[in-house]
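Engineer: This is the structure I want to talk about, given as structure tokens.
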Amino acid sequence: MERQKKTRNWIKPYEIVGVLGLLLLLTLFSTMMVIDQGEAKAPKDTHSEKQSAINTEAIEENGKRDENESSISDENEKQRVEVTKKENQSDQTLTENEDKSETVSPNKEENTQIENNGDLNDQGILNEKTLYITFDDGPNENTKSILNLLNKYNAKATFFMLEPNMRKFPEAVTAMVENGHAVGLHGVSHNQEVIYESSQSVVGEMTKAQRTLENIAGIHSDLIRVPYGSVPHMKPSYFDAVDQKGFKLWDWNIDSEDWKFHHGEFVQKVLNQLEEFPYQHEPKVVLLHEKSTSLQYLDSLLQKLTDMGYQMQALTEQMDTVTF
């Protein structure tokens, strides 16, 4: 039996083309896969970088914030300490002031009286070298010369005048005001039985004198001095009556007694009372009269007072009055 030969099957051309096409497709597919993976990776990396940068900035910002907060905290702590110190100092000052207030309070009324009693020195204490000279019973023919002497020593005084005398010497009243002296009222009658008949008689005489003064000099004055002083004639009801009318009643605490001395003895009497003056917190108020014998020695008195350093002032309606 004859042996058969096997025929070899060769790849046909169209099969080669198909294989190559398949390989090409695989290659393209693989390439596209690689590209897609690269593109996907790139955004992921970019996002990571951005996130890393953001995290870095956040860390730095937090660090700065911590530093600022720490600085603010330190500053606040300093301010708190300063406030605490100030509060402690304030509390201490208040405590000291309260202690001082408690120490001073017993003398409060006394100090208030001093402040209302006229001239004060730099320490707020009543000036011991201030003097208030007062003249009663004028004006009269001696007034002009009295005013000239007062001007010579740059002294101011207070004149308590009788209503009839004001009408008789109106020029003297005007001159008192023009020269800066204080003007007050001394009533009308200068008669104890008449003026002290009742509280209304006292008020009536002072009111009449007040109107006359206003008509002559255009000055309204509430300063009054009753004839012979308030003791023993002024009863409590009399005081109430003049107070209700707004009058300021003045007595005196240095009596020259010039009404009974005719040879200048009153000068030394005034000086003696000044040396032994017992009323520490009262203004020194001197009683004189517009008498010819008083005028004769007035120059001597004013010279001695000036040499002793006294300043002579006029009374005011704001001062606390001196009464017996």
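Engineer: Among the residues that make up the range 248-264, is at least one of them assigned to a strand (DSSP E or B) and without any contact (Cβ under 8 Å) to a residue 60 or more places away in the chain?
Structural biologist: Yes, the range 248-264 contains a residue that is assigned to a strand (DSSP E or B) and without any contact (Cβ under 8 Å) to a residue 60 or more places away in the chain.
Engineer: Please go through (1) within 21 Å of Y228 (Cβ to Cβ); (2) over 37 Å from the mean Cα position of the chain (by Cα); (3) polar (S, T, N, Q) for N148 and return the number of the only condition it doesn't satisfy.
Structural biologist: (1)
Engineer: So which of S230, S198, S221, S237 ends up being under 39 Å from the mean Cα position of the chain (by Cα) and exposed (fewer than 14 other Cβ atoms within 10 Å of the Cβ)?
Structural biologist: Just one listed residue meets the conditions, S237.
Engineer: So, one more: Which members of the range 172-207 meet the condition of being touching a residue at least 12 places away in the same chain (Cβ under 8 Å), in a helix (DSSP H, G or I) and hydrophobic (A, V, I, L, M, F, W, C)?
Structural biologist: Result: A172, V173, A175, M176, V177, I195, V202, V203, M206.
Engineer: Related question: I'm told H289 meets every condition in (1) more than 19 Å from M312 (Cα to Cα); (2) over 38 Å from the mean Cα position of the chain (by Cα); (3) of a type outside the set (A, V, I, L, M, F, W, C) except one. Can you identify the failing condition by its number?
Structural biologist: Only one criterion in (1) more than 19 Å from M312 (Cα to Cα); (2) over 38 Å from the mean Cα position of the chain (by Cα); (3) of a type outside the set (A, V, I, L, M, F, W, C) is unmet by H289, namely (1).
Engineer: Next question. Do we have any residue at all in the range 259-271 that's within 30 Å of Q200 (Cβ to Cβ), surrounded by 19 or more Cβ atoms within 10 Å (Cβ to Cβ) and assigned by TED's automatic domain parsing to the domain that holds R167?
Structural biologist: no
Engineer: What's the number of the condition L271 fails, among (1) free of Cβ contacts under 8 Å to residues at least 40 places away in the same chain; (2) under 19 Å from G138 (Cβ atoms)?
Structural biologist: (2)
Engineer: Given the structure, is L295 surrounded by 15 or more Cβ atoms within 10 Å (Cβ to Cβ), over 34 Å from the mean Cα position of the chain (by Cα), among the aliphatic types (A, V, I, L, M) and farther than 17 Å from T130 by Cβ?
Structural biologist: When the stated conditions are applied, L295 passes them.
Engineer: So, in the range 147-168, exactly how many residues are assigned to a loop (DSSP other than H, G, I, E, B) and buried (at least 22 other Cβ atoms within 10 Å of the Cβ)?
Structural biologist: The qualifying residues number 1.
The values are calculated or read from the model by the stated rules, or taken from the named source; none is laboratory data. The shown structure was predicted, so the numbers you read here are calculated from the model rather than taken from an experiment. Neighbour counts are summed over all protein chains in view; Cβ atoms, including those assigned to glycine, are modelled from backbone coordinates with ideal geometry.
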